[in-house]
Amino acid sequence: MKSIAGKVCVVTGSTSGIGLGIVRVLAEHGCALTINGFHDSKDVVDKTIQELKSIGAKDVIYSPADLSQESGVKELVDQTVAHFGRIDVLINNAGIQHVAPVAEFPVEKWNAILALNLSACFHGIRYVLPHMRQHQFGRIINIASAHGLVASTGKAAYVAAKHGVLGLTKVVGLETAKEPITCNAICPGWVKTPLVEKQIESRMEAEHISLEQATLELLGEKQPSHQFVTPEQIGSLCAFLISDAAEQMTGSSYSIDGGWVSQ
Ligand code: NAD
């Protein structure tokens, strides 16, 4: 995929999990990257930047912006444009989860999930579009979820936000359809990241079962392959959606879920 080398890509929430897998794949393709997210220490970020450069990234910068605030999203976009002069690709990946029945769902958790998982995508898109239009190229990829297509109990805020992300993706795909810009969503099933490890631990504690048993139950309930999707597999799908081959793919969502939503 020669067409993606050198593209300036902003990947939100890329200090961990799926986002980190995506930036590793994009680095291997020779992209220039803005990474973002929280971290335990500056050393970890410095090591990630070194690693990404060593595997092929053209250049890498880090933004510590808190994307649950509109001002944080603007800061991320402004920092990238100030450094690279343009933004070719925005991957809205940062996301959080909280599990509780709807009648007991803490209002502050609802607000936090909606702010990051949905509103940050809206703000990111509205801030990057003028830059993409100016440079006549753009790829927007929203990391939604199988929970953008179907629901599960206990996840009112997450499911509402991810369904919203798919609606937003369709609107942006239509509004940019005549331009050299696309907007798509990816709907992963279970991926073994800190976000899911917390859910496995809760299951272990609630049911007094082993880590292995809790993992098998989690996969067995939803994901027919009984295997986790890997962050790098999602990164490869992103690379394809950025490439020229995907020029006519827009306004759609693509499942990568071991068969989850076929049931
Ligand atoms: P993760 O917890 O491993 O990573 C989340 C990333 O977002 C981290 O880099 C974190 O620092 C960053 N982040 C959190 N709050 C932030 C904020 N306010 N501002 C900026 N960055 C912030 O989670 P993950 O599993 O890699 O999830 C990434 C995305 O994939 C999320 O949108 C999630 O909903 C989605 N997803 C995950 C799974 C899964 O099984 N893990 C499945 C489907 C979809």
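The values are calculated or read from the model by the stated rules, or taken from the named source; none is laboratory data. Since the model is a prediction, treat every value here as computed from it, not as a measurement. Neighbour counts run over all protein chains shown; Cβ positions are idealised from the backbone, glycine included. What goes into the accessible areas is simple: the full protein's heavy atoms, side chains included, and nothing from ligands, DNA or RNA. Shrake-Rupley method; radii C 1.70, N 1.55, O 1.52, S 1.80 Å.
Computed quantities for the displayed model
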read-out	value
Point-charge dipole on Cβ atoms (K/R +1, D/E -1) for segment 99-210, about Cα centre, debye to 20	460 debye
Area projected by the alpha carbon convex hull of the chain, averaged over all directions, nm²	13.8 nm²
Lys/Arg +1, Asp/Glu -1 at C-beta; the chain dipole; positive extreme among 122, 190, 36	122
Furthest towards positive pole of dipole, 56, 45, 23, structure part segment 18-113, Cβ charges	56
Segment 128-233: C-alpha pair distances exceeding 19 Å, %	55 percent
log10 of Debye I(q)/I(0), alpha-carbon scatterers only, for segment 1-84 at 0.15, 0.16, 0.17, 0.24 Å⁻¹	-0.48, -0.55, -0.62, -1.18
Inter-part distance where segment 124-198 and segment 204-263 are each reduced to a Cα centre, Å	15 Å
Cα Rg over Rh - segment 183-263, Kirkwood	1.08
Within segment 1-87, chymotrypsin sites (Phe, Trp or Tyr not before Pro) in DSSP loop having at most 13 other beta-carbon neighbours inside 10 Å	38
Percent of alpha-carbon pairs separated by more than 28 Å within segment 1-140	18 percent
Alpha carbon centroid spacing (whole Å) that separates segment 53-76 from segment 12-30	12 Å
Carbon/sulfur fraction of accessible area - the chain, other protein chains in place, 1.4 Å, %	54 percent
Average accessible area per residue (Å²) across the chain - probe 1.4 Å, nucleic acids and ligands excluded	45 Å²
Computed over segment 38-89, Kirkwood Rh from alpha-carbon pairs, angstrom	12.2 Å
Normalised contact order of the chain, rounded percent, pairs of Cα under 8 Å and 6 or more residues apart	21 percent
Cα-centred dipole magnitude for segment 63-156, charges only on beta-carbon of K, R (+1) and D, E (-1), debye, nearest 20	320 debye
